[in-house]
Every structure is written in C-alpha cells, then in structure tokens.
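J.: The structure follows.
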Amino acid sequence: MDLLMLTFSQIPSRIHSNIDLSDSTLEFTGRVSDDFKTITANSREGFKKSHIYLWFESAPRIIENCVEDPTIGENCTRQSDYILTDIPIDKYLASNNEFNFSIDLNSFDESKWTCLGAGDNVKYDCMGLAEALKNAYTIGFLAAPVKSCKLDSENKCDLTVDPSDYYNVGSFEFKNFKIRKKYSLPSEGNVVKFNPPNNTASPASGWSPIKFSNSKKYINYSGIKFTINNNIGHFRTGLTSSNLNNKFEDIEFHLYLSSEGTIFCVINDSDNNFNKIIRISNYNIGDEISLYLEDNNIYVTKNFEIIYNIKQNSNSSELFTFVSKLGNDSVFPEIYSF
C-alpha cells in the first residue's frame, strides 16, 4: 500500500521514554477544505478509495547479531507501523465544518487495524498490536492508498497531467490533539506536609532552601497533584528518592513552573552527565497538575491530559515530595498525595 504522510509528531516524551497508548483515548478536532477530494488507487487489497487514517509507529527495537545493509534499509532495528483502517477520518468531515473526535484505542481489536509491514524496507515488521501500542514512538495522520504521478522524459512528474488524477487535493487540518488515559486519577488526596529544610543553602541562585516531606511508598497510579493559584511565582516540585539533595541538579526529575505561565520538566542524569530543561506546556490559573507513577514511568498531566512522561524505575518506591520557590516567598500551592 502506497502512503502519503500528512502530518506526524514524535511524542515529546520519547526523548527519554516511549508512551503507552493502550487504555488511552485520543481526542482531536478535524476539518477539510471545500476542495478536498481523494483518489482511487491500487493497494495490496486491490483498488480502494484513498482516505485519511490515524497512524502510529512503535519505537525502534535493536536486532542482535545483525549486519547493516543500507541497500535494503537494514539498520539493525525493527519498528511496526499501524493505521486504524476502521475509521476513515475524512468520511466524518463536511467541507469546512469542524468535527470533534474521541477514539478509544482499547475498543478496536487487531482486525480493525492494518499493519503496514516491511514493503521495500526490511526494518519494518508487524509485532503484535498490543505490544506496539505499549511502545508508541510517533503518531500522526496519513492518506492511503496513493499512486505515483506520471513521469516525463526526465523522470519528473509530468506537470501537463491534471494532479487530481494521481494526487489527493485540498487540505486537511487537525488541532487540539490530546492523549487521555482511560482510567481517572483520584479526585481527592491527603495534604502533603513539609519539614523544615535539612540545609539552609540555596539549591540555585535566589531559590529558597528545599523542603521535603516524609517519605511515602508510591505504587501504580499514585503520585502528587496541585492546583495553580495566583501565588505560584517561580515554583519547583517533584518526587525524589532522597531528602539529602541540596541542589536541583541532584534531583533526577522534577517540574519547574515559571511565573510567566510555562511548565518545564527538568531532567538530570548524573550517570550520563546529562542535564536538560524541556518546555512541555503552558498553564492558566486554576489548572490542575499531577505527577504520578505507572509501570516504571512518571507521567505529568494537566487537567487529566498527559503532557509528558519519562521512563524511571520508580514503582513501589519510597519517595519524598519537595518544594522550592524563587525569592523569599514561602507561600506554596497546597500539594496533595494520592
């Protein structure tokens, strides 16, 4: 099946972790233009009308005892690509009218998907759908099937031929793309109480000494949450395995919220000499932010929408919550553990 990639996004969290799309619902808004039209083209299943489909690709898996061969696309990794052929998205869209989609991925068995397989490139295979969903790397939309243009004497597309004979025309727009877990986090929790700082030294220039809570054992779907209020300022919080860390760079992973309305993730990997601050979202007053554990991942959500996740061996761990603010302001958002 020939394909035309419309748009895709490497999931931000894939910098350090794949994302588990099983038990997830994808929400987005779609629209097509007045002149939108698709063609009929040949595929492995015969001639079919081209449609827009949801598509995702699994993370690369390393193949042992392999010799690279670029002539056949062999780079000693394997990935699997799936499209949700049960939902031809453009069929739901009228000209220039927006349609809100909510797709529960768990409700479609493997027969509703099409694995694209190897084609001319051996690096692509068909691992099981359930395993592929648990290791998503890239997600987006594509049109399939498509066909090639007629070539001229210079092996270029013959521009004298009407493009609509071989090419889908018009435009497709999507926005407000969200990934939501099927389960819901607890609506209530216990207020986290913080002890006086162990060390009065500033963790970074101008920041208040770090305050830690007592340790708590966190398991799957447990974590911390808080609501952003008018006193948020420049604020850092997270879960850490030690209450002896006196500098931010000693804490493996935490959230940094700026007073300008931006949420950052701070990642420190001392073993690999790695330190990075990643902008992951904006916030408004009243937004609820949570950070919780699931199967050796730490997830960050805003109003129950997943905005980041990172692989970290934290399941069933005794962890401390910490807080710090820039300046002398000692008013912190109330943090709850659940």
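The values are calculated or read from the model by the stated rules, or taken from the named source; none is laboratory data. The shown structure was predicted, so the numbers you read here are calculated from the model rather than taken from an experiment. Every residue, glycine as well, gets a Cβ built from its backbone with ideal geometry; the counts of neighbours run over all protein chains shown. Side chains are part of the model used for accessible areas, which takes the heavy atoms of the whole protein and leaves out ligands, DNA and RNA. Shrake-Rupley method; radii C 1.70, N 1.55, O 1.52, S 1.80 Å.
Conditions (1) among the charged types (D, E, K, R); (2) without any contact (Cβ under 8 Å) to a residue 40 or more places away in the chain; (3) in contact with a Leu (Cβ under 6 Å, 6 or more places away or on another chain); (4) loosely packed, with under 14 Cβ neighbours inside 10 Å, marked per residue:
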| site | (1), (2), (3), (4) |
| --- | --- |
| Asp120 | yes, no, no, yes |
| Lys123 | yes, no, no, no |
| Cys126 | no, no, no, no |
| Thr138 | no, no, no, no |
| Cys149 | no, yes, no, no |
| Glu154 | yes, yes, no, yes |
| Asp158 | yes, yes, no, yes |
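Listed here are the residues, each with its yes/no results for (1) surrounded by 15 or more Cβ atoms within 10 Å (Cβ to Cβ); (2) under 15 Å from Asp329 (Cα atoms); (3) in contact with a helix residue (DSSP H, G or I) (Cβ under 6 Å, 6 or more places away or on another chain).
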{"residue": "Glu188", "(1), (2), (3)": "no, no, no"}
{"residue": "Asn198", "(1), (2), (3)": "no, no, no"}
{"residue": "Ser205", "(1), (2), (3)": "no, yes, no"}
{"residue": "Ser208", "(1), (2), (3)": "yes, yes, no"}
{"residue": "Ser213", "(1), (2), (3)": "yes, no, no"}
{"residue": "Ile232", "(1), (2), (3)": "yes, yes, no"}
{"residue": "Thr240", "(1), (2), (3)": "yes, no, no"}
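J.: Let me ask something else about it. Go through (1) under 28 Å from Asp90 (Cβ atoms); (2) surrounded by fewer than 12 Cβ atoms within 10 Å (Cβ to Cβ); (3) at pLDDT 70 or above; (4) acidic (Asp, Glu) one by one and return the number of the condition Asp165 breaks.
T.: So Asp165 meets the others, but not (3).
J.: If a residue has to be without any contact (Cβ under 8 Å) to a residue 40 or more places away in the chain and either in contact with a Gly (Cβ under 8 Å, 6 or more places away or on another chain) or surrounded by 21 or more Cβ atoms within 10 Å (Cβ to Cβ) (or both) to count, how many in the stretch 300-338 make the cut?
T.: Qualifying residue count for the region: 0.
J.: While we're on this one: Out of all the residues in the stretch 15-72, which are hydrophobic (A, V, I, L, M, F, W, C), within 30 Å of Gln312 (Cα to Cα) and outside any loop (DSSP other than H, G, I, E, B)?
T.: Pass one, the stretch 15-72, residues hydrophobic (A, V, I, L, M, F, W, C): 15, 19, 21, 26, 28, 32, 36, 39, 41, 47, 52, 54-56, 59, 62-63, 66-67, 72.
After this cut, where a residue has to be within 30 Å of Gln312 (Cα to Cα) as well, the list is 15, 19, 21, 26, 28, 54-56, 59, 62-63, 66.
Ile15, Ile19, Leu26, Phe28, Leu54, Trp55, Phe56, Ile62 - these are the residues of the stretch 15-72 that are hydrophobic (A, V, I, L, M, F, W, C), within 30 Å of Gln312 (Cα to Cα) and outside any loop (DSSP other than H, G, I, E, B).
J.: What number of residues within the stretch 220-230 are part of a loop (DSSP other than H, G, I, E, B), open to solvent by 30 Å² or more (accessible area, probe 1.4 Å) and either modelled with pLDDT of 90 or more or closer than 13 Å to Ile298 by Cβ (or both)?
T.: Residues meeting the conditions: 3.
J.: Same structure again: For residues that are farther than 18 Å from Leu142 by Cα, open to solvent by 20 Å² or more (accessible area, probe 1.4 Å) and either in contact with a Phe, Trp or Tyr (Cβ under 6 Å, 6 or more places away or on another chain) or touching a residue at least 40 places away in the same chain (Cβ under 8 Å) (or both), tally how many sit in the stretch 43-60.
T.: Selection size over the stretch 43-60: 1.
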